[in-house]
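To start, the structure under review is shown below, and the notes come after it.
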Amino acid sequence: MPCVYKPVAGEAPLWDFPDGTLAGREVAAALVSAAAGWGVVPPTVLRDGELGLGSVQAWVGPDPSGGPGGQEADEEADEEADQELPPPGGGVIDVVAPSAVPGGWREVVRGEGWGGEPVVLCHADDAALRRMAAFDAVVNNADRKGGHVLRGLDGAVLGVDHGLTFHEDPKLRTVLWGWAGERFDDGVVALLEATAAALDGELAERLSQLLTDDELLAAELRVERLLARGRFPKPPPGGRALPWPPF
């Protein structure tokens, strides 16, 4: 199947993620998503490839080869394939003029566009996005950009690019702050409880091969705190709450 291959050899060292590899964190996020039933991350594994060990994740969206003909498809077929690609944000996250915010959508922040015009970063009040926002709190996602949210051919909204996750320090940076401070619904509570149970079993052993002991312990404590508080986290006062750029 078409997939995205991110070799460890191509990773750039990051000062705030000194341990492990980004590829390993990609796989760790997929393991949590699958084990607890979040359904947020496409299937992702560690595998040897052309450039060595790396994460391999199922492609989300139309076949990048443009269908029959693969790399030899003509320019017209390539153009058609490009037109089929969904917009960044999966159609549920956008930056628009204040007057153009779709009805029922949630505003995250107001700012200025490139020309100084007023804009709003907003997202849909969507169950899949709500689940993703809670999942990001669990894995401590430091990079939930709008462009990291995609829509599959089956219409499912999925998240990609989970290399900056599972840090032991609070680093949640996301464009999905629309539910900040609100109570979790029953569905999210059930997923958090399933995550806590999974982390008390085989999942913890699998994650221990990808994360440090401190990172794994921090993940377990985050789930406990989220269940105890029963609410979506709020942006830290005076802290960096948005990834940059947001898309």
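Every number in this text was worked out from the coordinates using simple rules, so none of it is lab data. Model, not experiment: these values are computed from the prediction. Glycine also receives a Cβ, built like all others from the backbone with ideal geometry; neighbour counts cover every protein chain displayed.
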Output for Cβ contacts, cut-off 9 Å, separation at least six or different chains, first residue among the acidic types (Asp, Glu) in segment 107-120, second in a strand (DSSP E or B), reads Glu107/Val120; Glu107/Leu121; Glu107/Cys122; Glu107/His123; Glu112/Pro118; Glu112/Val119
Of Pro237, Pro243, Pro233, the only residue that is closer than 23 Å to Lys145 by Cβ and more than 20 Å from the chain's Cα centre (by Cα) is Pro237
Restricting segment 6-37 to residues that are over 10 Å from Leu164 (Cα atoms) and assigned to a loop (DSSP other than H, G, I, E, B), the one nearest to the chain's Cα centre (by Cα) turns out to be Gly37
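Table: residues versus (1) surrounded by fewer than 18 Cβ atoms within 10 Å (Cβ to Cβ); (2) not charged (D, E, K, R).
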{"residue": "Gly113", "(1), (2)": "yes, yes"}
{"residue": "Ala134", "(1), (2)": "no, yes"}
{"residue": "Val139", "(1), (2)": "no, yes"}
{"residue": "Gly146", "(1), (2)": "no, yes"}
{"residue": "Asp154", "(1), (2)": "yes, no"}
{"residue": "Asp161", "(1), (2)": "no, no"}
{"residue": "Asp169", "(1), (2)": "yes, no"}
{"residue": "Leu176", "(1), (2)": "no, yes"}
{"residue": "Arg183", "(1), (2)": "yes, no"}
Inside segment 219-247, the number of residues satisfying the requirement of being outside any loop (DSSP other than H, G, I, E, B) and crowded, with 18+ Cβ neighbours inside 10 Å is 4
Phe135 fails exactly one of (1) over 24 Å from Glu168 (Cβ atoms); (2) touching a residue at least 12 places away in the same chain (Cβ under 8 Å), namely (1)
Of the residues in segment 147-162, those that are over 9 Å from the mean Cα position of the chain (by Cα) and either among the acidic types (Asp, Glu) or outside any strand (DSSP E or B) (or both) come to Gly147, Gly152, Leu153, Asp154, Gly155, Ala156
Within segment 46-67, residues of a type in the set (A, V, I, L, M, F, W, C), more than 16 Å from the chain's Cα centre (by Cα) and part of a strand (DSSP E or B) come out as Leu46, Leu53
Subset of segment 97-155, residues polar (S, T, N, Q) and more than 18 Å from Gly178 (Cβ to Cβ), comes to Ser99, Asn140
Filtering segment 203-218 down to residues that are within 14 Å of Val139 (Cα to Cα) and either part of a helix (DSSP H, G or I) or aliphatic (A, V, I, L, M) (or both) yields Leu203, Ala204, Leu207, Leu210, Leu211, Asp214, Glu215, Leu216, Leu217, Ala218
Scanning segment 178-202 for residues that are out of contact with any Lys or Arg (no Cβ under 8 Å at 6 or more places or on another chain) and part of a loop (DSSP other than H, G, I, E, B) gives Asp200, Gly201
